[in-house]
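The structure appears below as structure tokens.
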Amino acid sequence: MTTAATLYPPLELPPFDFEPIWWPINAAQQAAINSKAELLLFGGQSGGGKTQFLAADAMQECKNPRLRALLIRTTLEEQQELEDIQQRMYEPKGARWKDNRWRFPSGATIRPGYLAHDKDLRRYQGNPYSWLGIDESGQHPEHRIRFMLGWLAAPLGAGLRVRARFASNPGDIGHGWQMKVFLRNRCPVHYPAPLEDDRPSETSVVPDRRYNSACWTDDSPVHKTTTFIPARLVDNPLYGREKLESLLSQSKAIQQQLLYGCWCNAAGLYFDFLRPDMVVPYATIGDSWWWQHFISIDYGYGNSTAAAGMYAISPNGVVFKTRERIERKMSAVDFAKGICKDGFGPVDFPYQGPQANWLMKLHPRDPDRPRTSFCVMDEAMDQHRGTGKSVFGVMSEVFSENGIGSIKAAHDPAGNAQVLYNGLANKLCVLTRDSADLPLTYRAISSRIVDERKAVKKIHGAWEDDSYDETSYAYNTWRQSSEKPARTELQEAIQQMRREGYDETTIARIAWQKERQIQEEEHRALKGINLAPRRELPRRR
Ligand SMILES: Nc1ncnc2c1ncn2[C@@H]1O[C@H](COP(=O)(O)OP(=O)(O)OP(=O)(O)O)[C@@H](O)[C@H]1O
Ligand SMILES: [Mg+2]
């Protein structure tokens, strides 16, 4: 396990007979204070010294008259805590509290700020700051942070290090963007990067190393250097043996979080068991032209995005998500046509690898391209505005022109989330990837958090919401359909025949017959809901 002690320069002690106002308590805090990165996340467990670090870092340039620092907090308790810490640190430096900010003798100011809702953002518009600190940054959605960074600047030649410092525990609504921007979507404890950092698409980052390739969750570049420093309770000498011993009596997951700064199982995550290695390479699932395939769509425009997924069901009933597409500001017709024309891709996320085209044969010797049975869409898409056609109506027309029927998904957020949870946990619903990078769906689902009703919390304006919704409609609709049990039964029968020593030719013949029967039954059951014309299975040669 990577430990902070082996990575950071050892903690320097203050010179003899010098009594500093504040001094880093451990090597990690010291590394954070000295970091040259423009954006830094000091992240990890409660008691790691994060709040202390923010208050101290803000005053590093207090002798520069042009320093304008803004230290943001979210709750009133934090305000009290910060006020006390700041008073103890800043007053000995000659700072006085005036006009709602700390003013240093040089003219430098440190202003505490409050940010709990989007409406609070207005307060910070038009007032550039050269240092931005956000305590508990995981409590903020990505768009808020991006807005705040827009005002991070200093006058030319001011001699200030323009930077933003974030302090946060894992989890909460900011989990997704913090994982993406600072951690390459992987927990630094379970996917530690070797010092040479030669497997960037498979590991987290090297602590304290500066990176300049970070991207936001939509893959647009951050354009600033980033560094992650784990804040670990074990590094804090104020927490003695007793505290550590009491921690050892906690469950393993909690121990890993508290002691080592694990970012898995974070508080509040809905699908807390998901790990990157649960996403399987698409090439290994054996997708075949005769498997059932279907499409799922959650359409949005403007504030939300349009998300679509392609699903392939293996003969033993496992639902694989094989393709995905996310688009912003695309009309419903164009989105549906795009899916039909392009066979899903391209997605507008530059780091997604190419996806196999579903309009083509999977293998050159296949008799046909993959069978796509239907397209499932959010029920809400069938709401009519004015006299025009609903989004559902418009899109299903496009799909039916392409031989694909459309059905509506069940809208039960809490139930859908639970069903998807069970599916993913039991590997009955499996995400696939085409490249080394994780699919967008993984990023979306693994960062969803629980809301008050025990469903998945809605975060408006985040594409992850739409990607998650689309996946939950897909899996729930499939699970409720009558097709799965029949095929599962068939698969079991095949296994039984193998055990009993039947030869493969006989098994194949029985399987084809049974498959035909199932399809006929499906056809009968689905009559009435405009489904695709049934494709005949080819005759055995
Ligand atoms: N450099 C330091 N000098 C003295 N005390 C420190 C220092 N750093 C941290 N501490 C002490 O360690 C304890 C935890 O620090 P702090 O509150 O900053 O942690 P935190 O990571 O913000 O925790 P939480 O996640 O609960 O907010 C506090 O009692 C604080 O006073
Ligand atoms: Mg704190």
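Observations
- Pair-distance distribution of region 5-133: all C-alpha pairs, bin width 5 Å, starting at 0; shares per bin in whole percent are 2, 9, 18, 22, 21, 16, 7, 3, 1, 0.
- For region 34-46, the Karplus equation 6.51 cos²θ - 1.76 cosθ + 1.60, evaluated at θ = phi - 60°, returns couplings of 8, 4, 9, 5, 6, 10, 9, 10, 9, x, x, 6, 3 Hz by residue, with Gly and Pro reported as x.
- Its alpha carbons give region 90-175 an Rg and a Dmax of 14.2, 40 Å.
- Projected over every direction and averaged, the convex hull enclosing the alpha-carbon atoms of region 276-481 yields 11.4 nm².
- In degrees, nearest ten, helix 332-342 long axis to first principal axis of the chain (Cα): 70
- In region 173-247, GluC sites (Glu not before Pro) in a DSSP loop with at most 11 other beta-carbon atoms within 10 Å: GLU196
- Cα gyration tensor, region 360-451 - rounded (a/c under 1.5), prolate or oblate: oblate
- Cα-based shape type of region 210-257, given that a ≥ b ≥ c are square roots of the gyration tensor eigenvalues and the cut on a/c is 1.5: oblate
- All alpha carbon pair distances within region 44-114 were sorted into 10 Å bins beginning at 0; the resulting P(r) in whole percents reads 21, 56, 20, 3.
- Within region 276-481: Cβ-based charge dipole about Cα centre, in debye rounded to nearest 20 (Lys, Arg +1; Asp, Glu -1): 200
- Along the axis of the charge dipole computed for region 4-260 (Cβ charges of +1 for Lys and Arg, -1 for Asp and Glu, origin at the Cα centre), the listed residues ALA116, ALA193, ALA28 are led at the positive end by ALA116.
- Computed from the alpha carbon atoms alone, the convex hull of region 400-495 holds 163 Å³ per residue.
- Of all DSSP beta bridges in the chain, antiparallel share, percent nearest 5: 35
- Relative to the compact-globule estimate of 2.2 N^0.38 Å, the Cα radius of gyration of the chain comes out at 1.14.
- Rounded to the nearest 10 degrees, the angle from helix 76-90 to the longest Cα principal axis of the chain is 40 degrees.
- When each of LYS427/LYS514; LYS341/LYS361; LYS361/LYS408; LYS321/LYS427 is checked by Cα-Cα distance, pairs over 18 Å: LYS427/LYS514; LYS361/LYS408
- Taken over the Cα atoms of region 4-260, the convex hull encloses 147 Å³ per residue.
- Lysine-lysine proximity count for region 4-260, Cα under 24 Å, sequence distance 8 or more or distinct chains: 15
- What you get for the chain, charging only the Cβ of Lys and Arg (+1) and of Asp and Glu (-1), is a dipole of about 740 debye around the Cα centre.
- Extent of region 197-283 along its three principal axes (Cα atoms, max minus min coordinate, largest first): 46, 32, 25 Å.
- Residues whose placed amide H lies under 5 Å from that of GLY44, excluding near-sequence neighbours: SER168, ASN169, ALA231
- Prolate/oblate/rounded label for region 136-293 (Cα gyration tensor, a/c 1.5): oblate
- Set of aspartates and glutamates with alpha-carbon distance to LYS457 below 16 Å, sequence-local pairs under 8 removed: GLU142, ASP172, ASP272, ASP412, ASP465, ASP466, ASP469, GLU470
- Anchor LYS337: aspartates and glutamates whose Cα lies under 14 Å away (excluding residues fewer than 8 positions away in-chain): GLU327, GLU397, GLU401
- Simple rule: put +1 on each Lys or Arg Cβ and -1 on each Asp or Glu Cβ in region 276-481, find the dipole, and look at LEU420, ALA332, ALA455; the Cα lying farthest toward the positive end is LEU420.
- Taking the inverse of the mean 1/r over every pair of distinct Cα atoms in region 145-230 gives a Kirkwood hydrodynamic radius of 14.1 Å.
Bear in mind these aren't lab numbers, they're just calculated from the coordinates by the rules spelled out. None of the values given here were measured: they were computed from a predicted structure. All Cβ positions, even for glycine, are placed from backbone atoms using ideal geometry, and neighbour counts span all protein chains on display.
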